[in-house]
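First comes the structure, then the notes that go with it.
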Amino acid sequence: MTATTSYPRTPVKLPAAAPAATGGTFSPARLARRAVTGGATLLWTAIVIVPLYWVVVTSLRDRADFLSTSPLAPPADPTLANFRTVLAGDFGTYLLNSAVVTAAAVLVTVAVSLMAAFVVARGTSRWSRWYFRLFLLGLAIPLQAVIIPVYLLIIRMQLYDSLLAIILPSAAFAVPITVMILVSFLRDVPHSLFEAMQVDGAGEWKQLFALALPLTRPAIVTVVVYNGLQVWNGFLFPLILTQSNERAVLPLALTLYRGQFGIDVPATMAAVVLSTLPILLLFVLARRQLIAGLTAGFSK
């Protein structure tokens, strides 16, 4: 017989079972915080959505339906007559004026701000820092505080009651914040890229349009959408610097519709809906670049 040797066996320790979930996860305090957060979210959603819903629903009512039914009830017989009434008037002229003013003001703003931001970001002298501080100082000047000097300046330049009278001040007040955003992007571009272009013989203009412009495209789209929204909704400059209906833009023209239609609120709401469609289309087309610009520029 062969002798067998027995070895002591080491007991295997099994991993301890996870402790059972306690009632702390669903404590009353946590449930109360969640309830407050959910209630605040629903309240904010209602504050945003309900006015938009009311505008759209009202634009689809006729005058009798608007006066006889609840404001938030769906229209019993939806109609596009209000939109036809608005389009049959001078809405096309107001829309064209707003489009020209917005496009021109944004173009001037981006062109001037990009060159200024390039000088500030690439400059090595102390003057470039002073330039940047000067632009930042423009953020502290409220538009309402200088409307009288702007009005007198437009009169002296003989630009009163013209679209150029709206374009130039709108672009001037949009330059400071645009420069600030573009400078933050240009400072993140590696200096080695500019130095490589300099070695290849590229001048300042070549570096600006061949390198700085493509790399700052998300920031440019961001400022285009932001400034376009500000100029499109601008009311004070058109009110003070224009007079005739032929030079009226959409925000100012909405007050004319209120007088034109009297108490025809559905027609006025139809004009409001039509005036928001172009800027909404711009946001939809540029939403990806806009989100990229915001996340890249403000999260650093």
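The values are calculated or read from the model by the stated rules, or taken from the named source; none is laboratory data. The structure displayed is predicted, hence computed values, not measured ones. We place every Cβ from the backbone using ideal geometry, glycine too, and count neighbours over all the protein chains shown. Only protein heavy atoms, including side chains, enter the accessible area calculation; ligands, DNA and RNA are left aside. Shrake-Rupley method; radii C 1.70, N 1.55, O 1.52, S 1.80 Å.
Table: residues versus (1) among the small types (Gly, Ala, Ser); (2) under 29 Å from Val55 (Cα atoms).
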| residue | (1), (2) |
| --- | --- |
| Met157 | no, no |
| Val189 | no, no |
| Leu193 | no, no |
| Gly201 | yes, no |
| Pro218 | no, no |
| Glu246 | no, yes |
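Got a sec? Which of Ile166, Ile155 is in contact with a Lys or Arg (Cβ under 9 Å, 6 or more places away or on another chain), assigned to a helix (DSSP H, G or I) and under 21 Å from Leu252 (Cβ atoms)? Reasoning before the result, please.
Numbers: Ile155 fails: in contact with a Lys or Arg (Cβ under 9 Å, 6 or more places away or on another chain).
Matching residue, one of Ile166, Ile155: Ile166.
Give the number of residues within region 188-218 that are within 21 Å of Thr178 (Cα to Cα), part of a helix (DSSP H, G or I) and not aromatic (Phe, Trp, Tyr).
11
So which residues in region 145-179 are farther than 11 Å from Phe237 by Cβ and open to solvent by 70 Å² or more (accessible area, probe 1.4 Å), if there are any at all?
Matches in region 145-179: Ala145, Ile148, Pro149, Leu152, Leu153, Ile155, Arg156, Met157, Gln158, Tyr160, Leu164.
State whether the residues of region 41-64 include one that is part of a loop (DSSP other than H, G, I, E, B), at pLDDT 85 or above and within 29 Å of the chain's Cα centre (by Cα).
So far as region 41-64 goes, yes, one or more of its residues are part of a loop (DSSP other than H, G, I, E, B), at pLDDT 85 or above and within 29 Å of the chain's Cα centre (by Cα).
Report the residue count in region 254-285 for those that are at pLDDT below 85, closer than 25 Å to Ala165 by Cα and either assigned to a loop (DSSP other than H, G, I, E, B) or open to solvent by less than 40 Å² (accessible area, probe 1.4 Å) (or both).
Qualifying residue count, region 254-285: 2.
Determine which single condition Gly92 fails, assuming it passes every other condition in (1) under 28 Å from Val224 (Cα atoms); (2) in contact (Cβ under 8 Å) with a residue 40 or more places away in the chain; (3) open to solvent by 30 Å² or more (accessible area, probe 1.4 Å); (4) among the small types (Gly, Ala, Ser).
Just one mismatch for Gly92, condition (2).
Tell me yes or no: at least one residue of region 210-220 is aliphatic (A, V, I, L, M) and touching a Lys or Arg at 6+ places or on another chain (Cβ under 9 Å). Break it down into steps so the answer makes sense when it comes.
So in region 210-220, the residues aliphatic (A, V, I, L, M) come out as 210-213, 215, 219-220.
With the extra rule that they be touching a Lys or Arg at 6+ places or on another chain (Cβ under 9 Å), the set shrinks to 212.
Checked against the condition, which is being aliphatic (A, V, I, L, M) and touching a Lys or Arg at 6+ places or on another chain (Cβ under 9 Å), region 210-220 yields at least one hit.
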